[in-house]
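Here is the structure we will look at.
Please treat every number below as a calculation from the coordinates, not as lab data. Small disclaimer: the values here were computed from a predicted structure and weren't measured.
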């Protein structure tokens with residue numbers, strides 16, 4: 001019997017429980033919520049909490065990285081869709097639902113960018129997003145003045161519905177349908193004003209903005 005395996009399993013369970021409770025607590029009270037409350041919710045002592053996450057930023061960094069892992073899990077379905085339009089639909093739907101159910105994410109992303117602006121996992125997906133956007137335009141299904149950054153902004157708009165709490169989640173697909181209908185190519189579409197940002201500008205605006 002391997003007795004050393006039990007402490008490792010216990011440590012892993014504690015680690016995962018702390019992360020799970022941090023997502024809930026930060027969604028409710030923001031990323032500055034007290035660590036002692038987090039320890040209580042996770043059912044661990046303060047010492048255990050600090051062994052796993054010596055600083056608040058270490059915890060926030062892991063929450064950020066785990067969110068990128070989720071995008072990696074969603075990417076094959078989105079990027080492997082049979083048409084560009086289906087990729088657009090899946091991108092807005094899957095990511096919108098994910099962000100709406102994770103209202104702690106925007107603050108986590110901003111904090112990571114503040115303390116480490118060079119840390120930008122997920123960068124490799126930006127060109128893939130632009131590729132399926134251009135593919136959908138060539139198919140004639142996506143309006144020609146929409147960019148990949150526009151889709152990212154729309155995902156964030158859908159995700160903001162998470163601020164209303166879990167009770168609203170059954171209704172968010174109404175707004176999703178409005179958005180997808182607005183993205184479809186139509187001869188009578190109102191032209192979008194101005195010029196879209198590129199991903200670099202969007203990243204700087206969305207993730208490097210500091211709180212007032």
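Okay, here's what the table says:
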quantity: Whole-number percent relative contact order across the chain, with pairs defined as alpha carbons under 8 Å at least 6 apart; calculated: 22 percent
quantity: Residue with peak Gaussian network fluctuation, the chain [Cα springs, cutoff 10 Å], from 192, 19, 63; calculated: 192
quantity: Helix-only mean residue ellipticity at 222 nm for the chain, each DSSP H run of n ≥ 4 adding -39500 (n - 2.57), per residue, nearest 500; calculated: -21500 deg cm²/dmol
quantity: Cubic angstrom per residue, convex hull over Cα atoms of the stretch 1-54; calculated: 67 Å³
quantity: Added length on full extension, which subtracts the Cα-Cα distance from 0.36 nm per residue, residue 32 to residue 77; calculated: 12.7 nm
quantity: Rounded to 10°, Cα long-axis angle of helix 148-159 versus longest principal axis of the chain; calculated: 50 degrees
quantity: Two-decimal Rg to Rh for the chain - Kirkwood Rh, Cα set; calculated: 1.04
quantity: The stretch 1-54: relative contact order as a whole-number percent, Cα under 8 Å and 6+ apart; calculated: 32 percent
quantity: Taking the stretch 49-145 and dividing mean pair separation by its residue count, relative contact order in percent (alpha carbons under 8 Å, at least six apart); calculated: 37 percent
